[in-house]
There are 2 protein chains.
Amino acid sequence: MIPTITAFERSPDGGMGLARDMRVRWALEETGQPYDVRLVSFTQMKEPEHLALHPFGQIPTYEEGDLVLFESGAIILHIAQHHAGLLPEEPNARARAIAWMFAALNTIEPPIVEREQVSYAERDKPWHAQRLPLMDERIRQRLGELSDRLGDAGWLDGSFSAGDLLMVLVLRRLEGSNLLEEYPNLAAYVARAEARPAYQRAYEAQRAVATDR
Amino acid sequence: MIPTITAFERSPDGGMGLARDMRVRWALEETGQPYDVRLVSFTQMKEPEHLALHPFGQIPTYEEGDLVLFESGAIILHIAQHHAGLLPEEPNARARAIAWMFAALNTIEPPIVEREQVSYAERDKPWHAQRLPLMDERIRQRLGELSDRLGDAGWLDGSFSAGDLLMVLVLRRLEGSNLLEEYPNLAAYVARAEARPAYQRAYEAQRAVATDR
């Protein structure tokens, strides 16, 4: 049964792979699973038909037979639990890889998304320029700790996992801020992930939505 | 094998159950599992011994034999996967309950924690009073969507699950803001959870750390 995911009809990033459908596309590519995509407009995302799939009116969603999922973390965990390639088999290593999924989404992503959101919502406010260094400092604290833990390892805990997949895409949201570049091992980690054939297939697929218009 | 979790030696909330060890205590109580607690000071949390357990120098951690986990979401998922009481058995319902875990941590919690953090870090800044309504509006958007989805159901998707456990404790972080009270079904949902015997045992256990000093 081929799952269907949703993605932006017009992604705000213009196809740079920063929208959350990229996470699901990459996970499906790493596990060799085919998938269908349904594009939704910003208007459609807030209509009852889409809200029935996603209570917060966002993308991506994941439909597979009777199963409907939202939240990219949950979708990726579902894919990883059903197909080899994203989680180790050994139970303790598997639990640790899942811990990195949560770390990406609950510890690293929030201050990065916050910086991104206020850069849209508050850029005309008189305080924005003064707050930016405060937000950067919070992000640097987390990046420093992550950089220390990664050290010169290739991936966060042994082989590439769903934890790395989410972490890399969360870190990519810093593009343009020059913050990631302050941590050469993290920049190299992102580049290493971007070189994976599955990443490249996912990237091209989401980019085609923007460029085929 | 009895797991050991870490908690604040002096919780910033003074034992109101808002620290993240409460999540793990409650999950262990719901599943009837005994546990040991090791208290750590703010200094200890940033020392190498604790950083080896938790790369971001926080609590809680979870140690069970050779397994060391961090991130409360991952710890609760681990507990829920090994003991009955926090996730449905039926695979699709189980995947949906896990989606609510991620929704609590990645969609609902970030704007709530942001409001909490700037209320400490920026309360003396001239812009703080002007930004507070902006932050409240972002939280209201999410609470409104959550309230619409919950409707008059008892729990988010069928029986009480780990998704409800995390959502309730995330919503509790709004205490003192008066925001939750604008959504009576959400306030009732939190109260319903707080009435569970397992919640009360967990609450008393973390409260004893503060009051026994």
Sort through B:Gln141, B:Gln206 and tell me the only one that's open to solvent by 10 Å² or more (accessible area, probe 1.4 Å), more than 30 Å from B:Gly32 (Cβ to Cβ) and modelled with pLDDT of 95 or more.
-> B:Gln141
Could you tell me whether A:Trp127 is open to solvent by less than 20 Å² (accessible area, probe 1.4 Å) and within 7 Å of chain B (Cβ to nearest Cβ)?
-> yes
Within the set of pairs 6 or more residues apart or between chains, which connect a residue that is within 14 Å of A:Asn92 (Cβ to Cβ) inside segment B:69-80 to a residue that is of a type in the set (D, E, K, R) and open to solvent by less than 10 Å² (accessible area, probe 1.4 Å) with Cβ atoms less than 9 Å apart?
-> B:Ile75/B:Arg23
Looking only at residues in segment B:45-58 that are open to solvent by 10 Å² or more (accessible area, probe 1.4 Å) and part of a loop (DSSP other than H, G, I, E, B), which one is nearest to A:Leu150 (Cα to Cα)?
-> B:Ala52
Answer with yes or no whether A:Ala121 is closer than 21 Å to A:Pro12 by Cα, among the aliphatic types (A, V, I, L, M), open to solvent by 20 Å² or more (accessible area, probe 1.4 Å) and over 20 Å from the mean Cα position of the chain (by Cα).
-> yes
Answer from B:Arg38, B:Arg94, B:Arg23, B:Arg10 - the residue that is touching a Pro at 6+ places or on another chain (Cβ under 6 Å) and either under 30 Å from B:Leu179 (Cβ atoms) or not small (Gly, Ala, Ser) (or both) | B:Arg94
Within segment A:87-110, can one find any residue that is at positive phi and in contact (Cβ under 8 Å) with a residue 12 or more places away in the chain?
-> no
When B:Thr43 is evaluated against the numbered criteria (1) touching a Lys or Arg at 6+ places or on another chain (Cβ under 9 Å); (2) farther than 16 Å from B:Arg196 by Cα, which criterion, by number, is the only one it fails?
-> (1)
Residue satisfying all of: in segment A:74-86; within 12 Å of chain B (Cβ to nearest Cβ) and of a type in the set (A, V, I, L, M); surrounded by the most Cβ atoms within 10 Å (Cβ to Cβ) among these = A:Ile76
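The values are calculated or read from the model by the stated rules, or taken from the named source; none is laboratory data. This one's a predicted model, so the numbers in the text were calculated from it and none came from an experiment. No Cβ is skipped: glycine too gets one built from the backbone with ideal geometry, and neighbour counts run over all protein chains shown. The protein model used for the area step is the full one, side chains on, heavy atoms only, and it has no ligands, DNA or RNA in it. Shrake-Rupley method; radii C 1.70, N 1.55, O 1.52, S 1.80 Å.
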